[in-house]
1. Which of the residues spanning region 218-252 are away from ligand 2 (no atom under 16 Å from the Cβ) and assigned to a loop (DSSP other than H, G, I, E, B)?
2. What's the number of the condition residue 187 fails, among (1) open to solvent by 20 Å² or more (accessible area, probe 1.4 Å); (2) within 19 Å of residue 137 (Cβ to Cβ); (3) of a type in the set (Val, Ile, Thr)?
3. Exactly one condition in (1) within 14 Å of ligand 1 (Cβ to nearest atom); (2) buried (at least 24 other Cβ atoms within 10 Å of the Cβ); (3) part of a helix (DSSP H, G or I) is false for residue 166; which is it?
4. Being among the hydroxyl-bearing types (Ser, Thr, Tyr) and within 18 Å of the chain's Cα centre (by Cα) is the filter; apply it to region 43-71 and report the residue that is farthest from ligand 2 (Cβ to nearest atom).
5. From (1) open to solvent by 60 Å² or more (accessible area, probe 1.4 Å); (2) outside the structural domain of residue 141 (by TED's automatic domain parsing), pick out the condition that doesn't hold for residue 248.
6. Starting from residues that are among the charged types (D, E, K, R) and modelled with pLDDT of 95 or more, keep the ones in region 25-57 and report whichever is surrounded by the fewest Cβ atoms within 10 Å (Cβ to Cβ).
7. Which one is modelled with the highest pLDDT, of the residues in region 58-99 that are over 22 Å from residue 23 (Cα atoms) and open to solvent by less than 10 Å² (accessible area, probe 1.4 Å)?
8. I'd like to know if region 313-325 contains one or more residues that are loosely packed, with under 15 Cβ neighbours inside 10 Å and within 13 Å of ligand 1 (Cβ to nearest atom).
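The values are calculated or read from the model by the stated rules, or taken from the named source; none is laboratory data. A quick note: this is a predicted structure, and the numbers were derived from the prediction, not measured. Methodologically, a virtual Cβ is constructed for each residue, glycine included, from the backbone with ideal geometry; neighbour enumeration extends over all protein chains shown. For accessibility, only protein heavy atoms count, side chains too; no ligands or nucleic acids. Shrake-Rupley method; radii C 1.70, N 1.55, O 1.52, S 1.80 Å.
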Amino acid sequence: MAAKEEIPKLQWAQVFDKCGEPLQYKQISVPIPESDEVLVKIKYSGVCHTDLHAWKGDWPLGVKTPLVGGHEGALCPGQRADEQLCAKQALSGYTVNGSFQQYAIANAMHVARIPPECKDLAAVAPILCAGLTVYKALKQSRVIPGQTVAITGAGGGLGSLACQYAKAMGLEVLAIDTSEEKRDLCINKLGATSFIDFATTKDIVADVKAATGGLGPHAVIVVAASEKPFAQAAEYVRPHGTVVCVGLPHGARASADVFTMVTKMINICGSYVGNRAETQEALDFFKKGKIGAPIQIRSLQDLPLVYKEIEEMKIAGRVVLEVPE
Ligand code: NAD
Ligand code: ZN
């Protein structure tokens, strides 16, 4: 589509000069790719909580500044890429500029092809980070079809996809998050069997056990961006169960009572995105129509408001920004 397009010198982008400083929607130069890179035109970019962590400077890992954030970009090859098919790439938006701009640079070796069957670029954008990450985490949990997995943070971006990948793998899903909107999303659109509101429950451990026949879920995928659920998961997971830590809240520790951990023989592990083979596996689920988590499409200009809503836990599912032509 973009093959014969003139590439402009300037483009619109969301930029911040230092962590925590205001986001500026402004024109910046279109980058020039090196010989092993491609220039890609971005159509849509998902907004991941990681982008918010990067802007706030939450992690003990330096952020390049000034920075164009974003790493869930659905891209089309630009003129210099000389590619036939649409492609997409999870750009870091952390140490290099990401997908909250019209044209981005990607390493030619790392551009993941979107299968031609995936026509809806907005819907496919969240798969390469959120979808891939939760697919990998579910694999790491070593659950098998018929078993129960609890997803904490189930109504958010990663969580909504985790519910759907889990269902597609034949698992029973217990969703944990807050608000009626997220309850409705998890139960009626994402196929969860039950929902527990962490903000209103008096005893989350008792409620999770009660919802799983008294024993607790076989695995817990913690995608919440807050610390508390990591410790709670170790308490309610079933003996021999696995807690997979995925969320990356600022300064958090995953703690567990040693006596509980030892006597229940539980596993607590971390899971970080996934490799290129797993990217294709995650995309395969999408290609077969098994993943259809609802997305909210907004405009690139709305990023500051989207960050505010993510921070306030108001967004059910994933926001995908439409990047201007
Ligand atoms: P999100 O804001 O869309 O979703 C987080 C959800 O957690 C929200 O729905 C929120 O209501 C819920 N939540 C908050 N506190 C909770 C609690 N106490 N119990 C249960 N739910 C709670 O965020 P996202 O984009 O899905 O990202 C989630 C986290 O995963 C972020 O920290 C992000 O940086 C991290 N992440 C990790 C990887 C990885 O490879 N490990 C990849 C991508 C994102
Ligand atoms: Zn992400």
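1. Passing the criteria: 218, 226, 227, 237, 238, 239, 240, 241, 251, 252.
2. Here residue 187 meets the rest and fails (2).
3. (1)
4. 44
5. Among (1) open to solvent by 60 Å² or more (accessible area, probe 1.4 Å); (2) outside the structural domain of residue 141 (by TED's automatic domain parsing), residue 248 violates only (2).
6. 26
7. In this case the residue turns out to be 75.
8. yes
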